[in-house]
Amino acid sequence: MAESITLDLKQSFGDLNECVLVTDADRKIVFVNKAMETLLKTDADSLVGATTERFFADPAQFETMAELYQSPADQRHRRAHALELKADDGSSVSAEVVSAPLFDADQTLSGLLFIARDTAERKALESKLSDIALTLEDALDAITEGFAIFDAEDRLIICNDQYREIYAHSAQAIFPGNRFEDILRFGLNKKQYDTGGLSDDEWLQQRLDWHQAADGKVIEQSLGDGRWLRVSETRTSSGGVAGIRADITELKHARAQAEAAYRNLSLMADNITASVTEVDTEGRCVFINKTGCEWFNDEPQNLIGSRLRDTLPWKEREIVRSLFEQAQKGDKVSTEVSFHFPDGIHRECLMSCNPRLAEDGTVEGIVVLISDNTDRKKTERTLAELYAITSTRELSHEDKIAEILRLGTEHFDLPFGIISHVIDDHYTITHAHSPGGELVPGTSFPLENTYCTLTLDADGPLATASAANSEFAKHPCYELFALETYIGAPLLVDGEVHGTINFTSPDVRKRPFTPADVQIVRQFADWVGHEIARQRDHQALMDAKVNLERIASVDDLTQVLNRRAFLERANTEVQRFRRTKRPFTAVMIDIDKFKQINDVHGHATGDEVLKLFSDVIGGALRAVDVFGRVGGEEFCMILHNTNMDDAMLVCERLRQKIIEECQLESVDQTVTCSMGLAAAAREDVEFSTLMQKADTALYEAKSTGRNKCVAYVGEPEKAAVL
């Protein structure tokens with residue numbers, strides 16, 4: 001029977017990989033399989049018939065196992081035991097042993113079946129896994145970012161301490177097995193998140209969508225306490241989600257400060273009147289300020305990434321290319337360049353190229369500053385030319401004013417320049433500069449129809465480069481003359497308003513007027529005002545000189561030329577005669593019986609006769625004739641371009657005119673005169689000889705009865721050639 005059992009056991013368990021050992025009710029071994037032989041490092045022959053005591057490293061465990069043989073039948077069932085066994089070679093074997101009772105047909109215990117499994121490898125593996133887990137935990141805790149892994153069902157598998165510290169308000173909900181959504185809801189209830197104005201449900205759904213996508217994209221998450229996190233989540237091979245959270249609060253603040261600094265720098269750059277750009281080593285724009293955008297006539301988004309120099313004429317591109325090549329070598333370079341920018345304006349500029357160096361010293365970009373020096377240079381040239389115009393003696397008063405108007409139209413790039421004289425409400429053009437002579441001096445307008453009324457009201461220079469976009473559009477001048485551009489200043493002469501100087505155009509001016517332009521038009525006005533005042537003073541001086549000369553040349557009583565002045569004029573006539581051979585006749589005139597008038601009526605009456613006589617004769621002569629008083633009652637006249645015959649006719653008419661018009665009621669005698677005529681001849685080198693001839697003829701007229709005209713008749717060869 002025992003052999004049959006043994007054979008059955010051998011057939012059932014002999015080749016089983018598990019270690020099998022069977023004992024009888026007395027704890028003696030009746031069967032071991034090959035696997036058990038190997039585990040205990042012995043053979044079946046030495047084991048069968050022996051007890052198991054020899055294999056227990058701890059005897060107490062052997063005694064404890066005795067209970068399996070002594071327990072009531074109803075309590076004997078399969079049990080598991082962790083035992084430390086001792087192999088035959090003395091080595092220790094950790095084994096997990098399962099025991100099961102064996103009963104005969106009468107349900108009497110016939111023995112025990114032990115199945116043993118060497119747990120050394122599993123324990124080693126468990127130890128290794130434990131070590132790995134500890135290492136993983138240490139590694140996770142060493143990471144400065146928060147780390148968490150959720151399984152395919154979105155339940156937390158593991159996270160590090162940093163993860164819990166980051167979400168401190170949700171720490172109670174962060175434990176393995178809890179769902180990601182539940183952790184989020186817990187945090188929402190604790191006001192842990194900044195929902196950005198969204199409702200809790202809206203924010204939660206958005207966050208879950210990002211979490212389920214787990215596509216590795218980085219998002220920024222704002223917490224309720226002001227902190228910012230950078231969140232990146234990716235899908236694991238098992239279908240879970242691994243995520244990293246990094247606190248970027250300081251980075252966010254630094255970025256905000258950098259952005260604020262950039263905005264401030266951009267604001268500063270945008271308020272600079274120069275063009276500020278940065279280009280890379282290939283010349284492509286990476287930054288451009290507001291002024292640069294205006295000059296290059298485009299929006300920043302279109303200019304960034306482009307080569308700005310390609311918008312310039314080829315000659316200017318070559319200059320820029322040369323400067324860039326120097327700057328790319330690390331040299332700071334600057335030069336004056338004349339640019340024709342895309343906005344249609346020609347500018348004289350100072351261009352500076354400043355290389356921006358990387359940490360290794362190589363050039364990684366070039367900062368380009370272009371300053372517009374056009375106004376300064378133009379102002380310098382204008383002031384220099386204004387000084388030349390005002391200081392030269394080669395130009396007359398009128399020429400200087402004309403040159404100033406021409407200079408103003410060139411400086412302001414405007415076609416029309418006007419100097420006006422304002423009297424009451426009348427505006428009169430006195431000087432003008434225009435391309436086709438459209439503006440005519442002497443033209444008048446109502447003052448209220450000109451922009452200059454605004455200038456005079458302002459009591460200072462005014463300017464607009466676009467009247468349509470200014471208060472000028474409301475003025476009648478805009479409707480009447482459609483002038484878009486105007487710059488003008490009051491013109492003062494000796495502190496009083498004389499008029500205005502202004503420059504205008506029907507077109508909008510491309511460049512706005514600068515403070516320097518206003519000062520230039522003010523200087524034009526000041527100088528023209530001074531020049532008009534100086535010219536007035538000069539004219540007054542000339543008038544005074546003429547008046548003095550007239551006083552020195554005019555007889556006080558009769559207001560005709562005195563003897564000295566008459567003889568000077570007479571000698572001039574002689575010289576003209578000798579040059580041109582044009583005839584003239586000298587006439588000596590004497591008032592008849594003038595002494596008798598003085599003696600009878602007094603000298604005052606005589607003076608009245610002399611004045612009336614002079615008025616009658618002088619009023620009847622031509623402007624080219626010369627008339628003067630050469631003695632008490634003696635007068636002399638020169639009849640220009642007149643021969644003897646014509647002169648005799650003139651004298652007879654004058655003699656008769658005296659009889660008709662030169663009479664006083666207080667004088668009872670008739671006032672008459674006698675005249676002696678002498679025509680100019682070749683021998684008359686001086687007027688005195690001709691005057692002597694006329695005086696001889698006068699003497700003959702007086703001695704032969706008075707009140708007559710007598711021509712001088714000399715020897716034939718000496719007679720005047722008429």
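A few comments on the model shown:
- Rounded to 10°, Cα long-axis angle of helix 180-189 versus longest principal axis of the chain: 60
- Label-reachable residues, the stretch 170-198, where backbone N falls under 17 Å from a point 7 Å from R155's Cα toward its Cβ: 173-184
- Carbon/sulfur fraction of accessible area - the stretch 223-365, other protein chains in place, 1.4 Å, %: 50
- Helix 200-213 vs. the chain, principal-axis angle (Cα, 0 to 90°, nearest 10): 70
- Hydrodynamic radius by Kirkwood, which averages 1/r over all alpha carbon pairs of the stretch 530-574, in angstrom: 12.0
- Accessible heavy-atom area order of E181, E250, E67, E471, highest first, probe of 1.4 Å: E250, E471, E67, E181
- Backbone geometry of the stretch 472-482 corresponds, through the Karplus equation with coefficients 6.51, -1.76 and 1.60 at θ = phi - 60°, to 3J(HN,Hα) couplings of 4, 5, 8, 7, x, 4, 5, 6, 6, 10, 6 Hz, x marking Gly and Pro.
- Apportionment of accessible area to carbon and sulfur, the stretch 497-582, percent (1.4 Å): 54
- Label-point gap, in nm, between Q221 and E318 - each point 7 angstrom along Cα→Cβ: 6.3
- Spatial separation of Cα centroids for the stretch 685-704 and the stretch 530-558, in angstrom: 36
- Environment charge at R245 (Cβ cut-off 9 Å; Lys +1, Arg +1, Asp -1, Glu -1): -1
- Nearest 10 degrees, 0 to 90: helix 2-13 Cα axis against the chain principal axis: 10
- Probe 1.4 Å, accessible area per residue of the chain, Å²: 54
- Positive-end residue of G365, S199, Q596, charge dipole of the chain with Cβ unit charges: Q596
- Close amide-amide hydrogen proximity is noted between V554 and N562, each under 5 Å apart and 5 or more residues distant or on a separate chain (H modeled in the peptide plane; Pro and chain starts excluded).
- Placing +1 on each Lys and Arg Cβ and -1 on each Asp and Glu Cβ, with no other charges, gives the chain a dipole about its Cα centre of roughly 3380 debye.
- A dipole drawn for the chain from +1 and -1 charges on Cβ atoms has a positive end, and of F577, N643, L612 the residue lying farthest that way is N643.
- With the simple spin-label model, which puts each label point 7 Å out from Cα in the Cβ direction, the F103 to T335 separation comes to 11.4 nm.
- Note that the stretch 425-487 carries a Kirkwood radius of 12.5 Å, evaluated over its alpha carbons pair by pair.
- Gyration tensor (alpha-carbon) shape descriptor, the stretch 352-449, a/c threshold 1.5: prolate
- Unit charges on C-beta of K, R, D, E only; dipole of the stretch 429-535, Debye: 320
- Against the empirical curve 2.2 N^0.38 Å, the C-alpha radius of gyration of the stretch 288-381 lands at a ratio of 1.13.
- The Cα center of the stretch 389-436 and the Cα center of the stretch 185-260 differ in position by 74 Å.
- Y262 exposes around 130 Å² of accessible area when a 1.4 Å probe is run over every protein chain in place.
- For a label point 7 Å along the Cα-to-beta-carbon line of V518, residues of the stretch 455-471 with backbone N under 11 Å: 460-464
- Simple Cβ-charge dipole of the stretch 552-659, Lys/Arg +1 and Asp/Glu -1, about Cα centre, in debye nearest 20: 600
- Taking only protein heavy atoms and a 1.4 Å probe, the accessible area of the stretch 652-701 is 47% carbon and sulfur.
- Taking every Cα-Cα distance in the chain and sorting them into 10 Å bins starting at zero, the pair-distance distribution P(r) comes out as 2, 9, 9, 7, 8, 9, 8, 6, 6, 6, 4, 4, 5, 5, 3, 1, 1, 2, 3, 2, 0, 0 percent.
- Residue-by-residue Karplus 3J(HN,Hα) for the stretch 531-540, coefficients 6.51, -1.76, 1.60, Hz, glycine and proline x: 5, 5, 4, 5, 5, 4, 4, 5, 5, 4
The values are calculated or read from the model by the stated rules, or taken from the named source; none is laboratory data. These numbers were taken from a predicted model, which means no experiment stands behind them. No Cβ is skipped: glycine too gets one built from the backbone with ideal geometry, and neighbour counts run over all protein chains shown. Ligands, DNA and RNA are excluded from the accessible area calculation, which covers all protein heavy atoms including side chains. Shrake-Rupley method; radii C 1.70, N 1.55, O 1.52, S 1.80 Å.
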